[in-house]
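The values are calculated or read from the model by the stated rules, or taken from the named source; none is laboratory data. From a predicted model like this one, the values you see are computed outputs, not experimental measurements. No Cβ is skipped: glycine too gets one built from the backbone with ideal geometry, and neighbour counts run over all protein chains shown. What goes into the accessible areas is simple: the full protein's heavy atoms, side chains included, and nothing from ligands, DNA or RNA. Shrake-Rupley method; radii C 1.70, N 1.55, O 1.52, S 1.80 Å.
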Amino acid sequence: MTSALARFDPGRRAALEAVANLLIPSGDGMPSASEAGVAGRWLDEVLRLRPDFGPPLAAVLDGLIGTDPEVALARLRSTDPAGFGVLAEVVAGGYFLNPKVRSAINYPGQQSVAIVPEQPPDYEQDGLIASVIARGPIYRPTPGRKRDR
Amino acid sequence: MSPTAEKGPDRIPDVLIVGAGASGAVAAKRLAEGGFDVVCLEQGGWPDYKKARAPFPDYELTSGRDWAWDPNARQVPADYPVDDSESDITALMWNGVGGGTVVFAAQWQRNMPSDFQVRSLDGIADDWPFTYEDLEPYYVRVERDWGVSGLAGDTAFPGGDGPPMPPVPLGRMGRRVAKAHNDLGWHWWPGPNAIATQRYGRLNPCTQRATCLWGCSEGAKASVDRTYWPVAVERGVTLLTGARVKRLIVGSDGLVTGALYVDRDGNEHVQQAAVTILACNGIGTPRLLLLSATSAQPHGLGNSSGLVGKRLMMHPFGTVVGLFDDDLDSWQGAWGQHIHSLEFYETDPSRGFVRGAKWGLQPTGGPLSMTHSYPWGEENAIWGPAFHQQLRKRLGRSAMWGIIAEDLPEESNRVVLDPVKKDDSGIPAARIQYRMSENSRRLMAFHQERAKESLEAAGAYETVIAPFIRATGWHLLGTAMMGSDPSRSVVDPWGRVYDVPNLYIFDGSTWPTSAGMNPTATIAAVALRGVDHLIAERRDARTSS
Ligand SMILES: Cc1cc2nc3c(=O)[nH]c(=O)nc-3n(C[C@H](O)[C@H](O)[C@H](O)COP(=O)(O)OP(=O)(O)OC[C@H]3O[C@@H](n4cnc5c(N)ncnc54)[C@H](O)[C@@H]3O)c2cc1C
Ligand code: SF4
């Protein structure tokens, strides 16, 4: 276990779960943040990918332990936008790493889609570009020169 | 100067280039083709495309770590701090082989004819010392060398040859907005991009992963580390990485004899050359000129006009997003731009401001991007009970206009040396002072409203005007002005420094005005024009050798 992960003991993880579920509650057939594992497996994965989030996240969570999550979250958002930004990125980042979540939102990732030339090209279809050309040039020419079309 | 200077470890090359970004690459390749012996010093290294994670689930999480645009946040050894505490906009850049093109969005825009003539046409600022027609042949050449896709005949420009590859697909969102603009009678045109839409030289065809801003994993985006530099190196250019220039060395005759640079181990070296070219961008170049002050030129090298560092222009940036009922696949496609619009580019005095802006239609990103406060705005924060519903609304069903606004040159907007901060080589950092003008604010407000109308006409049931954020200083221009009057400019119309005849500047520092376009096409064309002239004049040039 790396030192970044060691810093996230059950107390901090519980604090994370509480606020994470306020950010991403369950609903619309989707799991809440904690149900999706953002304070467990996906927290470990996020910190492995972004160890730089470890220290600021730890500081934010320590400020949340033993407080009312709703009040503490509202305070964090208004007084420490950078800290809130890290918290939100860890929660949403972990949530969207979960393959079940990705499939439920129909997000396959950034896919490789070859450019297949169409005939005629898409900009020519339905008279699209012909309409622009028919409207004529819109630029101001260099002084002393005429528009060349 | 002879193009066949003796080669060897201690050789004195014909030309030293500082900076391996866009303009340095154009100069290096052309000089090598002309038979010149060239050494380039670059403070960073080659990009590591193993870190371009587009094909992997962690892409959205890791892109911000490995491909961050703000050197103050990235803080890798190649970076130098840029204190922006007195600036409305943060300067963004990539320090390494390829420069900004490694992370640029590949939106490839020529300037329009009026951009070169703003004093003659609009009575403000300064004309450039050449016209669109003078530059046009260089645009054509550079677009072939670079690998640009697009379509000739754009009605916002004079006729002539277009880029060598067909444009990226309009996609569902491009088609919708194009049709809406036809209904409104507004200009649009297929987006010109530095993206290969077919195999082209060293470039693979684009696979529409929409990640150009975070390193192209496919080798399809034309960044100069992939296109120009391998050719230049094959043709004999010596490219030294991890070599940070501390100052230029000036001889008793006032000519530059080379540069003092620091390697990654902190050792200092001297690289001599007959001619030196600065290609360090609108912040790195004035920084180096100010660092190179001498007793004869105490206010900075080449600064008898007092303009070195002044007239910094960074293009205030705006975004307007539209939400649509239909699935537009809007995390995919070239990013890049699907279409652009120059409908409101030219000055119309009745609008209450001068000059204009270019719009580029872009994808909006994957799910994590849907949760960010930019462009969505704090007031539309996604968190809480409506999270899932909001996510469904945004993901794949949104499109956005990016708006590049022309800012006017003002001497109070500038780059100075930081009196306190230093980079990790102990060299004074840069500090920028930049305030957005009333003209820029009005211009942006007008354009955002029109862009909203555009998306509404395309069927958006809701639009979001993104909040203003500081981290949009992608374009660094104007800080070593080019002109025909030596008392009012730093370099002549060919990029030669008036005060130092064997020193040239080929990056965006030389722009007299900023245009409202993404600048790299024009930076590259102006660099090619300058280097062609340098080559043609080389026998007459006064050199230190
Ligand atoms: C995120 C992002 C997106 C962008 N998108 C677009 C776009 O879509 N379209 C567009 O046209 N433009 C875009 N740009 C801007 C584009 O990248 C720049 O206009 C272009 O790269 C500028 O070229 P340049 O030669 O002036 O300088 P750069 O490309 O910035 O290169 C300067 C080089 O000089 C080196 N250097 C500086 N100081 C020293 C020193 N003292 N010693 C040694 N080396 C030094 C730097 O390390 C750097 O590699 C974007 C920029 C960014 C950051
Ligand atoms: S959109 Fe094309 S060019 Fe851009 S990163 Fe993806 S594959 Fe590369």
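Per residue, how much accessible area does segment A:3-104 have with a 1.4 Å probe, in Å²? Spell out each step's value before the answer.
Numbers: 4330 Å² over 102 residues.
It amounts to 42 Å² per residue over segment A:3-104.
Toward the positive end of the charge dipole of segment A:3-104, with +1 on the Cβ of Lys and Arg and -1 on the Cβ of Asp and Glu, the farthest Cα among A:Leu22, A:Ala88, A:Leu73 is that of A:Ala88. For chain B, the fraction of 1.4 Å probe accessible surface lying on carbon and sulfur atoms is 49 percent. In chain B, the longest principal axis of the Cα atoms and the axis of helix B:171-184 are about 80 degrees apart.
Rounded, prolate or oblate, given the Cα gyration tensor of segment A:3-104, with a/c below 1.5 counting as rounded? Since a/c reaches 1.5 but b/c is at least a/b, the shape of segment A:3-104 is classed as oblate. Taking all protein chains as they are arranged and a probe of 1.4 Å, the heavy atoms of A:Asp126 leave approximately 140 Å² accessible to solvent.
Convert 25 °C to kelvin, take the viscosity as 0.890 mPa s, use the Kirkwood radius over C-alpha pairs of segment B:241-286 as Rh, and evaluate the Stokes-Einstein diffusion coefficient in µm²/s, rounded to a whole number.
On the way: Rh = 11.4 Å.
Translational diffusion coefficient: 216 µm²/s.
Compared with the dominant Cα axis of chain B, that is its longest principal axis, helix B:281-291 is turned about 30°. Mean-square fluctuation check for chain A, GNM, Cα pairs under 10 Å: which of A:Asp80, A:Asp28, A:Asp122 is largest? With Cα springs under 10 Å in chain A, the top fluctuation among A:Asp80, A:Asp28, A:Asp122 is at A:Asp122. From the Kirkwood radius over Cα pairs of the protein assembly as shown, Stokes-Einstein at 25 °C and 0.890 mPa s returns a whole-number translational diffusion coefficient of 94 µm²/s.
Annotation: extensible slack from B:Asp253 through B:Thr294 equals 13.5 nm (criterion: 0.36 nm per residue apart, minus Cα-Cα distance). Number of Lys-Lys pairs in chain B with C-alpha atoms under 29 Å apart and a separation of 8 or more places or on different chains: 23. Can you tell me the FRET efficiency between B:Ile469 and B:Arg392 if r is taken as the Cβ-Cβ distance and R0 is 22 Å, rounded to the nearest 0.05? Here the calculated transfer efficiency is 0.30. Helix A:54-64 and the longest principal axis of the C-alpha atoms of chain A enclose an angle of approximately 60°. Pairing chain B with chain A buries about 5200 Å² of accessible area. This figure sums both sides and uses a 1.4 Å probe. Reported value for segment B:217-273: 123 Å³ per residue, from the convex hull of its C-alpha atoms. Counting only C-alpha contacts under 8 Å and six or more residues apart, can you give the relative contact order of chain B as a whole percent? With pairs under 8 Å counted, the relative contact order is 23 percent.
Given Cβ point charges of +1 (Lys, Arg) and -1 (Asp, Glu) and nothing else, what value in debye, to the nearest 20, does the dipole of the protein assembly as shown about its Cα centre take? Roughly 460 debye, rounded to the nearest 20.
The GluC sites (Glu not before Pro) of segment A:50-149 that meet both conditions, a loop assignment by DSSP and at most 15 other Cβ atoms within 10 Å of the site Cβ, are A:Glu118. Taking every DSSP helix (H) stretch of at least 4 residues in chain B, weighting each as -39,500 (n - 2.57) and dividing the sum by the residue count yields a mean residue ellipticity at 222 nm of -7000 deg cm²/dmol.
Let a ≥ b ≥ c be the square roots of the eigenvalues of the Cα gyration tensor of segment B:183-295; is it rounded (a/c under 1.5), or, if not, prolate (a/b larger than b/c) or oblate?
prolate
Taking GluC sites (Glu not before Pro) as exposed when DSSP calls them loop (any state but H, G, I, E, B) and at most 15 other Cβ atoms lie within 10 Å, what is the longest stretch of chain B free of them, the sites themselves excluded? No qualifying site falls inside B:7-410, the longest such stretch. Estimated purely from DSSP H runs of n ≥ 4, each contributing -39500 (n - 2.57), the mean residue ellipticity at 222 nm for chain A is -15000 deg cm²/dmol once divided by its residues. Expressed in units of 2.2 N^0.38 Å, where N is the residue count, the Cα radius of gyration of segment B:67-212 is 1.26. Ellipsoid fit via the Cα gyration tensor, chain B: semi-axes of 38, 24, 23 Å, each the root of five times an eigenvalue, largest first. Placing unit charges on each Cβ (+1 for Lys and Arg, -1 for Asp and Glu) gives chain B a dipole about its Cα centre, and among B:Trp511, B:Pro501, B:Ala180 the Cα reaching farthest toward its positive end belongs to B:Ala180.
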